[in-house]
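Down below is the structure, laid out as structure tokens.
FYI, it's all coordinate maths here, none of it is from the lab. Computed from a predicted model, the values in this text were never measured in an experiment. Counting neighbours? That spans all protein chains shown, and the Cβs are built from the backbone with ideal geometry, glycine included.
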Amino acid sequence: MDERIEANAVGYRVGKATLLDSVDLSLSAGELVAVVGPNGAGKSTLLRVLAGDLRPTSGRVTLADQPLERYDYDDLALQRAVFVPLTVRDIPFAVEAVVAMGRFPHQRRAANSIEDDEQAVASALERTTTSHLASRVFATLSSGEQTRVSLARVFAQDAPVLLLDEPTNALDVAHEERVMLELQTLVGRGRAVLAILHDLNAAANYATRVVVMMDGKIRAVGTPGEVLRDDLLTDVYGQPMRVVDHPFRDCPLVLVADD
Amino acid sequence: MTQSVSATARPFDPFAARRRGVSVVLGLLLVGAVALNLGMGAVLIPPEEVLGVVAGKAGLALGVEPSTQAEAVVWSIRLPRALMGVVTGAALALTGVVLQGVFRNPMADPQLLGIGPGASLGGVIGSVAGATQGAIAGGAVAGLLTALVVRRLGARRANQPSRFILTGVALSAALSAWVGFVVFGADRAKVPPIEFWLLGSLAGSTWRALGTATVLAGLGALGLWAGARTLDLMALGESEARHLGVDVEFATTVLLMGVGIVTGAAVGAVGVVGFVGLLVPHVVRKLTGPAHRPLMVGGMLAGGLFVVLTDLAARTVFVPIEIPVGLITAVVGGPFFLWLIRGARY
């Protein structure tokens, strides 16, 4: 397999708290890895370590066979695109300008043309169904629309690796489905996608592999069918869970159960 | 795709169409304001005589023979003074644009962050050593140093705007007090009085001072101009900018250094002229939109215009007495600013 990211025994400690404890993980081209687990399991910390935002306190991460710390910010931006929950929502720029900023890493390369940028922006808007918002000011959009526009910016960046922290946050069911389908399409084109998801059924249906995290460790890794099991999920979430066969999709269906 | 993207208006920007118009109008107003400054004052000089002086200096004969007095007033006093207004107004407005972008905070300006008072202190000390030239150089050096101190004290991480502001407020108060100490302790004949440093004045503008201030402010401004696109990306948030390849820490340092030099050159030359850095970007943003390149161009033109016009008022309202230009900028700027931000969601 064509490996994009490889994490070896990665730990991240802040003071006495161990947020990540010797995590091993790989992400290959053509793979959609869903990271699931309860709040505080270390999912976002893991993503930020893989993105190069946080330096692991132990272990190492390689991106495209190179240690992560060897990259400059601008080289990194050509290798991976990142979506993290929005902290700034009052962005004064128009939607299309925001999405066009996703092209910034490419604009320093001689091979990049204005047509490339325009095409990438138009396509990203279309794939997130935000074309009709193009001239709206980002700050005036709803949370769900802001999420979709930010995803469009990530798509416009057109990197081989996508690291997405709750990319369906604040989306309605229809838009969540569209985003998951779009991720599936990207994976089909050889992109590597790692997404933190809270919707276990989105993970069940779309992920090629599911990583279950708990207390800073990886508790289980495998196909949705292997990993999404009653006992494991009940234990990890501390909530009775039932997994049945999906009535019409070829994947498990995860249900919240009563005691 | 419902929206067509034209090659000229890219990335999409609803303000693109009127941007050129805004620049042209502001530019014409600026030229007009400078011309007004050449004719008006304690001595009224008729337009044809002003034109005669300027044309004569440019080697053109217009058939108007200006008096020696008119020539002295227009060429040696009013023109360098008006141009100094253009340069310092442009400089201060530019620093406001940059600081408000760096901190994503509409309150930010060199004064609030302590860079203005730091430059004042450098200017006072410089003027003891080397009169006006010393003040400008000292202002630029001290502005740069203060900016580095603000950067260092303000935050380990760039994205802590409130910490920066609190640091600035404390620095501002302390440094302003030191300006007072040095002014009162120094030789009165050498150092401009305290009201110059607190309220600003363009009265001492000479061609030489104009040259020094322009070169120093221009150098800093070039650096800031180069950071315009980076500032656009920083509007997305610190993490997002970094994910797109911006070294946010480094960019913040460089931009603050540029602001320090530009502010310092302006403050060293004319003292602290308040409200320009705060007010002008807010006005221009409504005309040019949020993208920093057009905002910088519009801001510099509008800043120059604002200072040139307020200086005209400073010279003419109580003829023959001149009042500090900062009084006018505050009297006009305060209420105007309140009107401007009515209903804004800050």
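A compact table of results
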item	result
For residue B:36, net neighbour charge (Lys/Arg +1, Asp/Glu -1) across residues whose Cβ lies under 12 Å away	+1
Between segment B:99-136 and segment A:44-85, the Cα center-to-center distance that results, in Å	39 Å
Net charge of neighbours whose Cβ lies under 11 Å from the Cβ of residue A:8, counting Lys and Arg as +1 and Asp and Glu as -1	-1
Shape call, chain B: gyration tensor on alpha carbons, a/c limit 1.5	oblate
Segment B:255-346, relative contact order in percent, only Cα pairs under 8 angstrom and at least six apart counted	29 percent
FRET efficiency for residue B:153 and residue B:31, using Cβ-Cβ distance with R0 set to 41 Å, rounded to 0.05	0.45
Electrostatic dipole magnitude of segment B:82-338 [Cβ: Lys, Arg +1; Asp, Glu -1; Cα centre; debye, to 20]	260 debye
Ranked A:226, B:240, criterion: other C-beta atoms within 10 Å, fewest first	A:226, B:240
CD proxy at 222 nm, helix term only [per DSSP H run n ≥ 4: -39500 (n - 2.57); per residue of chain B; nearest 500]	-23500 deg cm²/dmol
Nearest-20 debye value, segment B:234-333 charge dipole, Cβ charges on Lys, Arg, Asp, Glu	280 debye
DSSP beta bridges in the protein assembly as shown [antiparallel fraction, %, rounded to 5]	60 percent
Relative contact order (%) - criterion: Cα under 8 Å, at least six apart; region: chain A	24 percent
Segment B:240-263 versus segment B:293-346: alpha-carbon centroid distance in Å	28 Å
Residue-span extension gain [residue A:58 to residue A:113] - 0.36 nm each, minus C-alpha spacing	15.7 nm
Charged-residue dipole, Cβ positions (Lys, Arg, Asp, Glu), the protein assembly as shown about Cα centre, Debye nearest 20	1720 debye
Shape category assigned to the protein assembly as shown from the gyration tensor of Cα positions, a/c cut at 1.5	prolate
Relative contact order (%) - chain B, alpha-carbon pairs under 8 angstrom, separation at least six	27 percent
Per-pair calculated FRET efficiency, R0 = 22 Å: residue A:235 and residue A:24 via Cβ, rounded to 0.05	0.60
Per-peptide average of other Cβ atoms within 10 Å, ordering A:92-98, B:215-221 highest first	A:92-98, B:215-221
Shielding by partners, peptide A:84-93 (average Cβ within 10 angstrom, other chains)	5
